[in-house]
Amino acid sequence: MTEPSTLSGMAASPLERLQAAVDAVNGVVLGKPGAVRLAFSALLAGGHLLIEDLPGVGKTTLAQAMAIVTGGSWHRIQFTSDLLPADILGVSVWRRIDETFEFRPGPVFANVVLADEINRATPRTQSALLEAMAERQVSVDGVTHTLPRPFFVIATQNPLDLVGTYPLPDSQLDRFLLRISLGYPDADEERQLLREPDRRDLLADLAAVFDEDGIRALMDQASEVHLSDPVLDYLQALVAATREHPALRAGLSPRATLALAATARGHALLDGRDHVVPDDVKQIFAPLAVHRLQSRADADPPDDVVELILQRTPIS
């Protein structure tokens, strides 16, 4: 797929194309600019996204729109209880003509993978995908196959309908850079939904804004966004507060700290800045931290603790 070279008749810079991609997704997912911004931050940071919310609020639409505008290849996997690891990773097939095994790649070999209702698959199948997310590679019959870059997994799950599901354990939740929810639309947005055609029909009109090279270049640019010492002080103070808070069983790990820095860089790039400001860290701290934390018995839930930490931690 060819990367567009113009926007509104003029040559477009990578950051202008990035903004065009964000605007295109916001045009499909009505009234959720914060969630869309976090989704792009995760992509630029090279991480993965978990969207946890009720059915019918736009989880799958957001994932499909992200996949289309970022270009490259994408696959959707509907997770069910009978899904096997080979259905995701691929399988070696015997070729009688030359008496050799040929590897047939599974749907995980794509730039964007939509894992719909991930908690409906068995732990064995979940682990197969999550290992690929962590290692960026797949090993089948002793042969290692590298996944493409970018490799961006967007998983969805319903937090309420838990009958017949297999909740992700903490070690697997940690594979997701951010966890977000979309929530209900407000009254005006819902009225607009009622007046207009189905928002999913707009997906057919979306076009790729990037190709693989374009996204890789932006990811590399995001990794070079500057983090000053005062911002690092603030970031580390937030992390230290999770490790010291009596309501939490354990704080954020060093891997989570690195993820926080990487996502803050991606968040800054979305504003066209070459440096991170404290608000970047503040905006992505809760979506990054809450699903990695557990409260002690009879203590406040992690989301309340994280909100309190944000209120009480001074900005350097």
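The values are calculated or read from the model by the stated rules, or taken from the named source; none is laboratory data. Bear in mind the structure is a predicted one, so any value in this text is a computation, not a measurement. Reconstructed Cβ throughout: ideal geometry from the backbone, glycine too, with neighbour counts over all protein chains shown.
Quick look at the values:
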| quantity | calculated |
| --- | --- |
| Any helices (runs of 4 or more DSSP H) falling wholly within region 143-232 and containing at least 1 residues that are closer than 25 Å to residue 117 by Cα and in the same structural domain as residue 42 (by TED's automatic domain parsing) | 170-173, 187-195 |
| From 213, 188, 201, residue being within 28 Å of residue 286 (Cα to Cα) and charged (D, E, K, R) | 188 |
| Qualifying positions in region 28-43 - among the small types (Gly, Ala, Ser) and modelled with pLDDT of 90 or more | 34, 35, 39, 41, 42 |
| Residue match in region 214-226 (condition: at pLDDT 85 or above and over 28 Å from residue 16 (Cα atoms)) | no |
| Flag if residue 213 is without any contact (Cβ under 8 Å) to a residue 12 or more places away in the chain and not basic (Lys, Arg) | no |
| Qualifying residue in region 127-141 (condition: at pLDDT 90 or above, assigned by TED's automatic domain parsing to the domain that holds residue 69, surrounded by fewer than 21 Cβ atoms within 10 Å (Cβ to Cβ) and touching a strand residue (DSSP E or B) at 6+ places or on another chain (Cβ under 6 Å)) | yes |
| Hits in region 44-72 (condition: surrounded by fewer than 24 Cβ atoms within 10 Å (Cβ to Cβ), modelled with pLDDT of 85 or more and of a type in the set (Gly, Ala, Ser)) | 46, 47 |
| Residue that is nearest to residue 220 (Cα to Cα) [pool: residues in region 109-142 that are assigned to a strand (DSSP E or B) and in contact (Cβ under 8 Å) with a residue 24 or more places away in the chain] | 112 |
| Odd one out for residue 160 among (1) touching a Leu at 6+ places or on another chain (Cβ under 8 Å); (2) under 30 Å from residue 274 (Cα atoms); (3) loosely packed, with under 15 Cβ neighbours inside 10 Å | (2) |
| All positions within region 87-100 that are in contact (Cβ under 8 Å) with a residue 40 or more places away in the chain and surrounded by fewer than 16 Cβ atoms within 10 Å (Cβ to Cβ) | 92 |
| Pairs with Cβ under 6 Å, 6+ apart, first in region 17-34 and free of Cβ contacts under 8 Å to residues at least 12 places away in the same chain, second crowded, with 18+ Cβ neighbours inside 10 Å | 26/36 |
| Search result, residues across region 289-309 that are surrounded by 16 or more Cβ atoms within 10 Å (Cβ to Cβ) and either part of a helix (DSSP H, G or I) or not aliphatic (A, V, I, L, M) (or both) | 289, 290, 291, 292, 295, 302, 305, 306, 309 |
| When residues of region 238-259 are limited to those that are buried (at least 16 other Cβ atoms within 10 Å of the Cβ) and touching a residue at least 60 places away in the same chain (Cβ under 8 Å), the one farthest from the chain's Cα centre (by Cα) | 245 |
| Selected residue (criterion: surrounded by the fewest Cβ atoms within 10 Å (Cβ to Cβ)) from residues of region 101-110 that are modelled with pLDDT of 90 or more and not small (Gly, Ala, Ser) | 104 |
| Matching entry among 297, 247, 289, 222 (being aliphatic (A, V, I, L, M) and within 27 Å of residue 14 (Cβ to Cβ)) | 222 |
| Residue within region 113-121 that is more than 26 Å from residue 56 (Cβ to Cβ) and either of a type in the set (Ser, Thr, Tyr) or crowded, with 24+ Cβ neighbours inside 10 Å (or both) present | no |
| Residue tally, condition of a type in the set (Val, Ile, Thr), free of Cβ contacts under 8 Å to residues at least 60 places away in the same chain and out of contact with any Phe, Trp or Tyr (no Cβ under 8 Å at 6 or more places or on another chain), over region 260-304 | 2 |
| Residue that is surrounded by fewer than 21 Cβ atoms within 10 Å (Cβ to Cβ) and not assigned by TED's automatic domain parsing to the domain that holds residue 167, where the choices are 268, 286, 264 | 286 |
